[in-house]
6 protein chains.
Amino acid sequence: MTENPHDFESRRARGNERVLENAPLAIKRFFALDHDVYEDGVLPKKTKDLLGLTASTVLRCNDCIAHHLEEATASGATREEIAEALGIALLVGGSITIPYLRFAFEFLEELA
Amino acid sequence: MTENPHDFESRRARGNERVLENAPLAIKRFFALDHDVYEDGVLPKKTKDLLGLTASTVLRCNDCIAHHLEEATASGATREEIAEALGIALLVGGSITIPYLRFAFEFLEELA
Amino acid sequence: MTENPHDFESRRARGNERVLENAPLAIKRFFALDHDVYEDGVLPKKTKDLLGLTASTVLRCNDCIAHHLEEATASGATREEIAEALGIALLVGGSITIPYLRFAFEFLEELA
Amino acid sequence: MTENPHDFESRRARGNERVLENAPLAIKRFFALDHDVYEDGVLPKKTKDLLGLTASTVLRCNDCIAHHLEEATASGATREEIAEALGIALLVGGSITIPYLRFAFEFLEELA
Amino acid sequence: MTENPHDFESRRARGNERVLENAPLAIKRFFALDHDVYEDGVLPKKTKDLLGLTASTVLRCNDCIAHHLEEATASGATREEIAEALGIALLVGGSITIPYLRFAFEFLEELA
Amino acid sequence: MTENPHDFESRRARGNERVLENAPLAIKRFFALDHDVYEDGVLPKKTKDLLGLTASTVLRCNDCIAHHLEEATASGATREEIAEALGIALLVGGSITIPYLRFAFEFLEELA
């Protein structure tokens, strides 16, 4: 079964805490930067979240996909917009991304 | 434990269904194409299934490996032929593929 | 020196012709699909071009970056929007993408 | 929950056994070579284990990370040295490696 | 222009020589193994060369593609068989492989 | 021919300048961080440069390899130490890294 978003979120938070407790300064600064880059700029946060989702799908990382689905949904991306972004990821990244698309659509359903 | 082939197959089918229910036309057309490309051509289906298996192993995707092992076995590929294809994947892809080889040989045993 | 956009475009067109002359049907169908997926949908073409650009940057393919920069520019993406999309690619994909960012900003200058 | 090191080690050993029982000679020779390359040379084993850990992190393979964490720890690498190596992996490989850093720091805690 | 096969072959030979002059034993043993794994086994050399070609295409390495095209052609693989193998690589690896397909079909023409 | 280190260095500097002229703040901060992470810490700079080199080789980026070879050499890494680090990269990353090893050993000769 796909992990539900609440469990994912608390597992992710606990893990990040452990990283940051043990991390040298470079890692802490990277985490801060990784937060800021998705903030509204000339591109709205919603578009940036879809960029993060597509990048995570072609690079095939389920935890990253889950996080960006949460963010994109919170920014107001619709299921249809998300599905189109995933369609581009599939074309760019090929059939090797299909298991990650299965995960994405299941997690999206859990989010709804 | 490695998931048994029956459970894998029904998880995979359910997931693909969910994708196709929500997918834009581009994704549906990709899925059709992804089925057709492995059909007999100037290369027999068995060879194509081994090509799909090797590609899945160097790209390191267990669900893709499981699917191509099922297809290759159904096309008549022997355990020895599959092991040679995985040997090439290991040489091309390096030690980072070893956990995927462990999975492949375990899933192959489940299939037998 | 970075290849100028006109030379890139004719090299790309010649190469694609050669592929399509020799390609089995599956490849031709893929090319058609790869064209259609970037058309206006619930997401505008400009956003889709930025998705293609970001995916190409994290996967580190200069020819793909050049193509999506041309498309994004033609769709009205500004230099600032493109730079933000590349910033997300850099954060997701890491310093290994930096040579591709150098290429992207040089090609963008040639396009202007 | 992160698998504990003892369970990981016995799962890994069982899997490798299964590979080697079924493997053609090329795979067996690769496994031998993959063992020898980390032995003391002009670089000490500890440095080589950190090289293996960093490579495994940028290529994003948890089982490989677990193995190299065990080896690096056994060779005397401290938590601070490991954290710096993971910091470099994060910078080179980008935010897509973050879930693997979470795994690494959790597994490291289990090892302690 | 695509490098002609003769120039590629001598550049490749010179480069390999330089590697082997400076290489520790592990690298030399890897090179020997990398030669042996493509020899006739339960799978014929031609099939193995197509496996190497497909793996090289999804991993996107032109020099590796050139080498496997030479080997596959020498083993008797026809242009149609090679094109089908590249079609599978395209489906598995996605549009990001297209520039590598352009290279492959151009190099194949040079080989003819 | 392999580009000589002087030409590489000025091409790299010009490219980075162009990126930084056009870059949003996130990219500038990433560049600063990417410089700092290789400074002496609990691991000496030389070890960090070898970590960067190995990561660049398994991720197959010649410009990144060239840069880390310059840094590692300046930090006092010997040819034998570099060759052992590249041997680990080859084992982890497989034969697909061989063209990058050819480049690395040629660039190293130019550096000498």
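Every listed requirement among (1) closer than 22 Å to residue B:106 by Cα; (2) within 9 Å of another protein chain (Cβ to nearest Cβ); (3) among the charged types (D, E, K, R) is met by residue D:17 save one, (2). Among the residues of this structure, residue A:86 counts as one that is out of contact with any Lys or Arg (no Cβ under 6 Å at 6 or more places or on another chain), surrounded by 24 or more Cβ atoms within 10 Å (Cβ to Cβ) and of a type outside the set (D, E, K, R). Scan the stretch B:59-74 and give yes if some residue there is small (Gly, Ala, Ser) and modelled with pLDDT under 95, otherwise no. The answer is no, given that none of the residues of the stretch B:59-74 is small (Gly, Ala, Ser) and modelled with pLDDT under 95. State yes or no: is residue F:6 away from chain B (no Cβ under 14 Å) and in contact with a helix residue (DSSP H, G or I) (Cβ under 8 Å, 6 or more places away or on another chain)? Criteria not met by residue F:6.
When the stretch B:26-51 is limited to residues that are more than 8 Å from chain C (Cβ to nearest Cβ) and among the hydrophobic types (A, V, I, L, M, F, W, C), the one that is farthest from residue A:96 (Cα to Cα) turns out to be B:42. Among the residues of this structure, residue A:20 does not count as one that is free of Cβ contacts under 8 Å to residues at least 60 places away in the same chain and touching an Asp or Glu at 6+ places or on another chain (Cβ under 9 Å). Does residue E:90 fit the bill of being within 22 Å of residue B:61 (Cα to Cα) and part of a helix (DSSP H, G or I)? In short, yes.
If the condition is being in contact with a Ser or Thr (Cβ under 8 Å, 6 or more places away or on another chain), free of Cβ contacts under 8 Å to residues at least 24 places away in the same chain and not aliphatic (A, V, I, L, M), then the stretch B:51-73 contributes B:64, B:68. Each residue in the stretch A:50-72 was checked for being over 8 Å from the mean Cα position of the chain (by Cα) and of a type in the set (Ser, Thr, Tyr), and 2 pass.
Here is the figure for the stretch D:59-68: residues that are over 10 Å from residue D:85 (Cβ atoms) and more than 10 Å from chain B (Cβ to nearest Cβ) total 1. Applying the set (1) without any contact (Cβ under 8 Å) to a residue 24 or more places away in the chain; (2) buried (at least 24 other Cβ atoms within 10 Å of the Cβ) to residue F:104 leaves exactly one unmet item: (1). When the stretch B:89-100 is filtered for residues that are more than 18 Å from residue B:71 (Cβ to Cβ) and within 12 Å of chain F (Cβ to nearest Cβ), the ones remaining, listed by number, are B:90, B:91, B:92, B:93, B:94, B:95, B:96, B:97, B:98.
Only one of the numbered conditions (1) within 12 Å of the chain's Cα centre (by Cα); (2) closer than 24 Å to residue A:33 by Cα is violated by residue F:36, and that is (1). Please specify each residue of the stretch A:75-89 satisfying the condition of being in contact (Cβ under 8 Å) with a residue 24 or more places away in the chain and of a type in the set (A, V, I, L, M). Once the filter is applied, which keeps residues that are in contact (Cβ under 8 Å) with a residue 24 or more places away in the chain and of a type in the set (A, V, I, L, M), the stretch A:75-89 yields A:77, A:82, A:85, A:86, A:88, A:89. Take residue C:91 and tell me if it is buried (at least 22 other Cβ atoms within 10 Å of the Cβ) and within 16 Å of the chain's Cα centre (by Cα). For residue C:91, the condition - buried (at least 22 other Cβ atoms within 10 Å of the Cβ) and within 16 Å of the chain's Cα centre (by Cα) - is not met.
The values are calculated or read from the model by the stated rules, or taken from the named source; none is laboratory data. In this text the structure is predicted, and so the values were computed from the model without any measurement. FYI the Cβ positions are ideal-geometry reconstructions off the backbone, even for glycines, and counts take in every protein chain you see.
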